[in-house]
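Working notes, structure below.
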Amino acid sequence: MNKKKFLIPLILSFNLYAYAENYEVKMLNQGSEGYMVFEPAVLKINKGDTVTFKATDAAHNSASIKGMIPAGADEWNGRLSQDISVTFNVEGVYGYQCTPHMMMAMVGIIEVGHNQSNLESAKATAKKIKAAFVMNQERLDKYLSQL
């Protein structure tokens, strides 16, 4: 009887990860949204899904933006011109950037699990950082409004 209580939840947890999706986001010099973009720039995914940021064009990376990820979530900081895969295990809103092209508003947003509990704090951080954008000042607000 005790084995069943242990094995059933264990088997169910493996099934959840078997259905996790892997999404691809390209890091581009030019895309449908203009120059220096992630494509797609806004994603809505489920907890446990993975996003692979593809170094389609050189000299880009993907890095989480401090103050724009949920509490308890892991930050990430990919290397230039290298793919990076990130698994999202904490629900909420995530903002990310290309570090060398942040001033050009090379940013993106991911919503995990239809959870917007940290949306207001993400918007407050966005308001601060977009002041440093030299172009596309509205891009981050536009992406956040798509959630």
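Observations, loosely collected:
- Between the residues Asn77, Met27, Thr99, the greatest Cα displacement towards the positive end of the dipole of the chain, with unit charges on the Cβ of Lys, Arg, Asp and Glu, is found for Asn77.
- Whole-angstrom gap from segment 111-139 to segment 44-58, using each part's C-alpha centre: 19
- Average projected area [Cα convex hull, segment 20-145], square nanometres: 6.5
- Between 0 and 90°, nearest 10: helix 119-129 axis offset from the chain longest Cα axis: 30
- Linear extension gain, Asn22 paired with Val134, 0.36 nm per residue minus alpha-carbon span: 37.0 nm
- To the nearest ten degrees, helix 2-18 and the longest principal axis of the Cα atoms of the chain are 30 degrees apart.
- Cα gyration tensor shape for segment 76-147, rounded if a/c is under 1.5, else prolate or oblate: oblate
- Under a model in which nothing but the beta-carbon of Lys, Arg (+1) and Asp, Glu (-1) is charged, the chain shows a dipole of about 420 debye around its Cα centre.
- Cα gyration tensor category, rounded, prolate or oblate, for segment 47-100 with a/c compared to 1.5: oblate
- Distance between the 7 Å Cα→Cβ label points at Ser81 and Thr50: 2.5 nm.
- Percent antiparallel among DSSP beta bridges (both partners in segment 14-147, rounded to 5): 65
No lab work stands behind these numbers, since they all come straight from the coordinates. As the structure is a prediction and not an experimental result, all values here were calculated from the model. Ideal geometry is used to build each Cβ from the backbone, glycine not excepted, and the neighbour counts take in all protein chains shown.
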